[in-house]
Amino acid sequence: MRQIVLDTETTGLDPATGDRVIEVAAIEIYNFMPTGQTFHVLVDPERDIPEEATKVHGFTAEMLRGKPLFRDIAQSMLDFLGDSEVIAHNARFDFGFLDAELVRAGHKKLDRARMVDSLEIAKRRYPGLPNSLDALCRRLGVDNSMRTSHNALLDVKLLAEVYLELMGGKQPGFELAAVTTKPVMPGVVIAAPVARRPVLVAPTEAEAAAHAEFVTKRLGKGDPLWLKPPFAEPAPTSGAQAET
């Protein structure tokens, strides 16, 4: 199963009032394992960036002037997303901004059926607790020491780790999904589950003697049921030779 973990940075909080996307970052995961394939772009918002927003993500309008416009990168972003589920933290925020940008660029809105909100997953798992990305990193042991400001590329890497932990770790259960026929990209290794076989551990003589003594004390004399036919193998007939 292919999924995309996504994050955006913006000039503000509401696309309806003219705020714009300035950064998009996305990471591909396949069967709950990162593939190493990423999408990242900085975008010229064609407007000023309020000081309050700059304090959050560190970007100014001057820094982004001359970067591609969203309409110039929209198709490449859509190609990377494909038809996969898109995971985001507070996903309605990211989807709302991307929808506004896509419509402005002449594209359709993203299908909300593809939206997976890691914030809602965290709220169900940790009701009543803080579930910001920083709080989840601390709770789940994800190193976020490099996160001194909001940055979509760093945040999406942290979110991918957090999401995989929320879903049970990088390898949920004992087995990872089997190798798929999906074309493998250079440098990507799809792991196959390792076959597990039961190991027979025979009791020592002392353990066998202790067990026999326990059975005699609890059941009295005579063979217990499991040592009688048809449960036990019949004793060898006279003259039979043991296998060598």
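The values are calculated or read from the model by the stated rules, or taken from the named source; none is laboratory data. The structure displayed is predicted, hence computed values, not measured ones. Methodologically, a virtual Cβ is constructed for each residue, glycine included, from the backbone with ideal geometry; neighbour enumeration extends over all protein chains shown.
Here are a few things to note about the model shown:
- Filter result for residue 154 (at negative phi and at pLDDT 95 or above): no
- Restricting segment 100-110 to residues that are on the phi < 0 side of the Ramachandran plot and in contact (Cβ under 8 Å) with a residue 24 or more places away in the chain, the residue that is nearest to the chain's Cα centre (by Cα) is 110.
- Residues of segment 37-68 satisfying the condition of being in a loop (DSSP other than H, G, I, E, B) and among the β-branched types (Val, Ile, Thr): 43, 49, 60
- None of 71, 92 is of a type outside the set (A, V, I, L, M, F, W, C), within 27 Å of residue 135 (Cβ to Cβ) and assigned to a helix (DSSP H, G or I) except 92.
- Single unsatisfied condition, residue 206 versus (1) at pLDDT below 90; (2) surrounded by 12 or more Cβ atoms within 10 Å (Cβ to Cβ): (2)
- The selection criterion, being modelled with pLDDT under 95, under 18 Å from residue 94 (Cα atoms) and among the hydrophobic types (A, V, I, L, M, F, W, C), does not hold for residue 133.
- When restricted to residues that are small (Gly, Ala, Ser) and within 26 Å of residue 164 (Cα to Cα), segment 1-40 contains 3.
- In segment 136-149, the residue that is surrounded by the fewest Cβ atoms within 10 Å (Cβ to Cβ) out of those that are in contact with a Leu (Cβ under 9 Å, 6 or more places away or on another chain) and touching a residue at least 24 places away in the same chain (Cβ under 8 Å) is 140.
- Hey, residue 61 without any contact (Cβ under 8 Å) to a residue 40 or more places away in the chain, on the phi < 0 side of the Ramachandran plot and aliphatic (A, V, I, L, M) or not: yes
- From the options 9, 23, 85, residue that is touching a Lys or Arg at 6+ places or on another chain (Cβ under 6 Å) and in contact (Cβ under 8 Å) with a residue 40 or more places away in the chain: 85
- Residue within segment 78-95 that is within 23 Å of the chain's Cα centre (by Cα), under 18 Å from residue 14 (Cα atoms), surrounded by fewer than 17 Cβ atoms within 10 Å (Cβ to Cβ) and at pLDDT 95 or above present: yes
Matching residues to (1) in a loop (DSSP other than H, G, I, E, B); (2) over 17 Å from residue 87 (Cβ atoms):
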position	(1), (2)
109	yes, yes
122	no, no
128	yes, yes
135	no, yes
150	yes, yes
163	no, no
